[in-house]
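See below for the structure under consideration.
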Amino acid sequence: MYKVVTQEGWGRLYGGLAPSLVGTAASQGVYYYFYQIFRERAEAASLSRQRKGFGDGSLGVLQSLVVAALAGSVNVLLTNPIWIIVTRMQTHRKMRKTKPSHVLSVVPMMWFRMLLLNLLLMGLLKLCKNYMMRQVS
């Protein structure tokens, strides 16, 4: 830390803070949203079991862990693209400050990958739309 402060300044310690905050806010929002949904369903199932004479109607440790694991899994699946973007924003900025000549060779590759990803996603969406249209008709 001392080396970073003396060579690059205090501001560098907080470099990439804005993308990290966006990623964290999105990730935490998704996690707690799905945690609440899964917990409500687990509590409803537990109350249903209590009405049938099984259990006391509360969630145990194992059920809570399963709810948390499910919410965490959905969180990772939905927010992984955001973290990829955050990482690229941070490394792109770092590379731009340290090696300007190398960035020119990296930027086209990044744009090519993003374009390829978008084309693949658009193709997948069209495929899903066509499939759904066939199911309706």
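Since every read-out is calculated from the coordinates, none of them should be taken as a lab result. On a predicted model such as this, the values are computed, not experimentally measured, just so you know. Using ideal geometry, Cβ is built from the backbone for each residue, glycine included, and neighbour counts are taken over all protein chains shown.
Just a few scattered comments:
- Packing-based order for 9-16, 64-71, using average beta carbon neighbours within 10 Å, highest first: 64-71, 9-16
- For a modelled paramagnetic label at Val66, 7 Å from Cα along Cα-to-Cβ, the residues of the range 28-48 in reach, with backbone nitrogen under 17 Å, are 35-48.
- Stretched out straight at 0.36 nm per residue, the stretch from Trp10 to Asp56 would grow longer than its current Cα-Cα span by 11.0 nm.
- Prolate/oblate/rounded call for the range 25-97, Cα gyration tensor, a/c under 1.5 rounded: prolate
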